[in-house]
C-alpha cells in the first residue's frame, strides 16, 4: 500500500474536519464511494492538493458513504464538484439544472463491466452470457452504480428479456465493487457484476484468487465516470472559473495522480455524452 | 356429576403457554413461505480474514479515535436527554388521541431513515445526528412514561388527595412513585442511544460507525474488531458512569462540544417539499391512482409480506434463544465467573450491529432471508435473555429447590415466564422496525424498497413507504398490546426493554 | 405417646454443638446444642423472631450436607404460583425421576403421577383443585399444596416451618395428624402450644436465640410453655 497506516489516518482526520460545514465557503468536491475508502482517500486528497495548486484556492474533499449521499451533497451545495458515475451524474444534473459534465477519463468513453462467477459454477470466459446463469444467485454493487448495476442490468434484460429478479433466484446489492468480489469469491453469491477497472486493480493487488472467481463476460462499451460541476460556481469563484477548473482537470498529467483513479488521461466531456445512460436508466425504470 | 369426571380432571395448557406456542406455530407457518436456504461454498477465505482480524484488533490513531468516541457519546447523551424531556412532556398529553398517534408515527420510523431524511435538510450538521435519534426516541419515551404514569395512577395516593391542585397532586402523589421507573428507563435508553449513534455513522455521520462501516466495506477486519471491542466497552461500562443526575450535565458539555453554527438554506427546504410531492401531482397528471396502485403492487405488498415473514420468524426465534441465553447470566444457575463470561457474550451479541451479524451469516449461509432472520433473532434474543436473567436474580428459591434442568424447568422458568413473554411482546414492534433495515442486504423488505427510493431520489415514494412502515408498526403495536392483555401479562415497568 | 428414644449408641441425624447464627451483625441464635435422632417428633416453639426459622435453616443445612433425604416446607411455602397444584406437588419427586419424564409432566401431566397426586389431594382436602394455578388458591389452600409437595417426596423425615399457620384449628389438627402418620420423624416449628403438645414427642422452646426448653412433651404442661411468650426479656 503506497500510504502508511498512520498517514492514512491523518488524512481521515483532515477529511473529518472537512465534513464540518464551512464558515466561508471552501471549494469542496466529493466522489461516489465505488471502492475501498482507502483508495478513494489516496486518490482524492492528491487531487485536492493538485487543484488547490492549479486554482490557487483552498480545495477540500468530502467523503460520503453512499451514491445518493454524493448526489445530495452536490445538489445541496455542500460540494460544488463531483466525480460521479454515469448514472449518478445523470441523476445529479437532472436534480440541479445548469450543472455540467466537464471532464471524463480517457477510458470512460468506452467503459465496461465484467460479469464474474465463482469457480463452482464451472463458467468460463465466453462471447455471450450462457443461458445456464438462469436461476443462479447474483450480486450487483451499489444500487446506483453504473458499472455495478445499471449497465449489467441493461444487458441482462436485453439478452434474456427478463428482470434480474425473474432471471436469478436471488439478487443482492453488495454496496461496492470490492464487496461484490469478496462475496462472489466466497461463494455467497454465484455471480456478480463489477467495474472492470476495480477488478483489474484488485487483481494486481493480489486480493483476488483466480481459482475461486473469474471473469465470464465483458459488456459492450458505454460512457461512465465524469467530473460534474455546479452551474453557479462562476458566480461564487469568479467569471471563467468553470473553464479554469476544466483546464486544470484536463491538464492532469502526473501518472501518480492518474494511476490513483485509475485513468490514463482526462478528456473533455459534455452532458450530451451521457444521453445513452439517461435513456438506459429510463428504460430500466431507475429514472422516471 | 360423575365421579370419573371429578377424579380425572383434564389438563389444559395455560393460556400464556399457548400464546408462545402460537407464536412459534405462526413462525413455522411463515417459514414455509419464507425464502430460507443454506448454500455453503467457500466462505473460508473471507472467514479466515475475519478471524485473523478478530485476533488482531486495531484502532484508528488516538486523536481520531477520541473524536469518534466523543461524537458517538455526545450524540447519544444529547439526544437521549432531549427526548426524555420531550417524551415526558408528550406523556402528560398522552390522553389525547392525536398525541398518541403522533408518537406512534415518529417512533415507528427507524433512526437511520430519520437520519436520511434530516440529512436532506441539514446536511452533515451535528443536529442531524441528534434529531435522527431524538425524534423516534421521544415517541418511545412518551409511550413508556405514559404507561408508567398510568400504572402509578392506579396505586397512587393521589386518589385520596383529590382536593389538591393537579400540579401539587402530581408532585406529591405521583412523581415519587414514577421517578425510579423514569430514571431506570432513561438509563436503559442511553444504551440504545449509543447503539443508534454508532449506526448513524453508516450513513456518514462522524461517529464510530463511520469507521466501522469503512473497515467493514474494505474488509479491514482488524479495524472492525477493534471498533466493536470499543463499542462493547462503552456499552458495558454505562452502569458505571451513567447516573441520572449527571445526565443533564453530560448533555450540556456534549452540546457545547458539538456546537456549530447552523445555516439552513431555505432553498433546500423548497427542494425537499418538491421532492416529497407525489410524482403524478408534480407532473400535474391525473394518474395519481394508477401511480399509487403500481407502488402498492410492486413494492408495498411484497415489502409488507416479506417484512412480516421475517419478523414473525425472528420473533419466535428470539424467544427460544432468550430461553437458552438467560441462564448464562442468572445467579440461579451460573457461578460468578462463568456469569461474567455469559454477560460478555450477551453484550457482544446484543451490541454488534445486526447488519454486521447478518453479513457474516451471509458469507456462511449464502443469500436468503436466513441471515437477516438469524441476525435479528440473535440480537433480540440476547437482549431478552439479558433482561430475563436479571429478572430471575430476584427470585428467592426454597432451600431444597431442584438443581440444573429441574430447577430451570420447574422453578425458574414458570416464575419468569410471564415477564419473559411481556419482554418478547415489547420486542415485536422493534423487530419489525429493524427488519426494515436489513432490507439493505437485498432481502425485499419494506426497508429494501425505501432504500431503493432514496437511491433513485424518489422521495415521494420513500416517504409513502416510510408511512406504510409506520402504519405497520402501529398495527403490530396494538396487536401486541391486545395479545398481552389477553394473556394477562402485566405491562409492569420492569417489562420494558431497552431498545 | 412414646418416651423420647435417646440412645447414645445411635449416631444422631443432626448434631449441633454450640452453634450460632447471625443475620448481618445481629446474632440470631447463640450456643445452640441440638440433637435429632431417627424417628423423633420434635416441635420447636417460640415467639416470632425468637429464632425458630433460623434453627430450622441450620437443620436444613446440616441435613443437606450429610446428604440425608428429607422433606422441607418453608414458611413462605416456596410454591411456584404460575404452576398448577399438580405441578407444585409433583416437584416433590423431581430429583427421583429423569429430566425427560419431568419435562413431559410439566408440559402434559401423565396418568400415573396424576393418580398419585389426586390421592394426596383427597387427604389434604383439596379435591377438584388438581389443575388450578396455585396463584388462584387461598392462603390455606396454598399451605396444603406445600404440605402435599412434602408428602409426595415420600421421605421419612420432615422439616417444616409453621406448616399449619394459615389453617383453622380443626383442619390444622387433621393435617398435623396426617403428617404424624406419614412421616417417621419430624421437626416442626409451631406457635400453637396445644397442637404442639398433642403431636410432639419432644418440645424445644426458643427464647431470644437460646434454647430454654428441651424436654419430652409428656413432661411439659401448657403453662410451662407459656413462659416462652412472656414479654420480659425480648431479646430481639
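Only the coordinates and a few stated rules stand behind these numbers; no lab work does. What you see is a predicted model; the values in this text were computed from it and never measured. Every residue, glycine among them, receives a Cβ derived from its backbone with ideal geometry; neighbour counts consider all protein chains shown.
Descriptive notes on the structure:
- Model label points for residue B:233 and residue B:13, set 7 angstrom from Cα along the Cα-to-Cβ axis, are 4.7 nm apart.
- Result for chain A in a Gaussian network model with C-alpha springs under 10 Å: among A:56, A:248, A:221, the largest mean-square fluctuation is at A:56.
- Length-normalised contact order of region A:112-218 in % [C-alpha pairs under 8 Å, at least 6 apart]: 48
- With one equal scatterer per alpha carbon and no solvent term, the Debye-computed log10 I(q)/I(0) for region B:362-406 at 0.19, 0.23, 0.33 1/Å reads -0.72, -0.84, -1.07.
- Coordinate range of the alpha-carbon atoms in chain C per principal axis, descending: 53, 41, 36 Å.
- When all alpha carbon pairs of chain A are counted in 5 Å bins from zero, the resulting P(r) reads 1, 5, 12, 17, 18, 16, 12, 9, 5, 3, 1, 0 %.
- Pairs of C-alpha atoms in region B:393-493 farther apart than 15 Å represent 71 percent of all such pairs.
- Over region B:53-264 - Rg/Rh using Cα atoms and the Kirkwood inverse-distance radius: 1.05
- If you take the alpha carbon atoms of region B:1-122 and fit the smallest convex hull around them, that volume is 376 Å³ per residue.
- Chain A: angle of helix A:196-205 to the longest principal axis, Cα-based, in degrees nearest 10: 90
- Considering only beta bridges that DSSP places wholly inside the protein assembly as shown, some 55 percent are antiparallel.
- Rounded tilt (10° steps) of A:151-160 against the dominant C-alpha axis of chain A: 30
- Per-bin percent of Cα-Cα distances, region C:80-154 [10 Å]: 21, 60, 19, 0
- The percentage of C-alpha pairs in region B:281-437 whose separation is greater than 20 Å is 58%.
- For chain B, the Cα gyration tensor yields ellipsoid semi-axes of 35, 29, 27 Å (square root of five times each eigenvalue, largest first, whole Å).
- Estimated distance in nm for a label pair at residue C:96 and residue C:23, the labels positioned 7 Å out from Cα along Cα-to-Cβ: 3.3
- Between A:114, A:50, A:274, the Gaussian network model of chain A with springs among Cα atoms under 10 angstrom shows the greatest mean-square fluctuation at A:50.
- Considered as an equivalent ellipsoid built on the Cα gyration tensor, region A:112-218 has semi-axes of 19, 15, 13 Å, the largest given first.
- Tilt relative to chain C, helix C:139-152 - C-alpha long axis, 0 to 90 degrees, to 10: 80
- Quarter of Cα convex hull surface for region B:311-356, i.e. mean projection, nm²: 3.5
- Simple label model, 7 Å out from Cα along Cβ direction - residue C:38 to residue C:165, nm: 3.3
- Whether region C:11-89 is rounded, prolate or oblate, judged on the alpha carbon gyration tensor where a/c under 1.5 counts as rounded: oblate
- Among C:173, C:52, C:223, the largest mean-square fluctuation in a Gaussian network model of chain C, built with springs joining Cα atoms closer than 10 Å, belongs to C:223.
- As a proxy for reagent exposure, ranking B:400, C:168 by other Cβ atoms within 10 Å from fewest up yields C:168, B:400.
- Largest-first principal axis extents of the Cα set of region A:158-279 (Å): 54, 35, 24
- The P(r) of the protein assembly as shown has a tail past 56 Å containing 30 percent of all C-alpha pairs.
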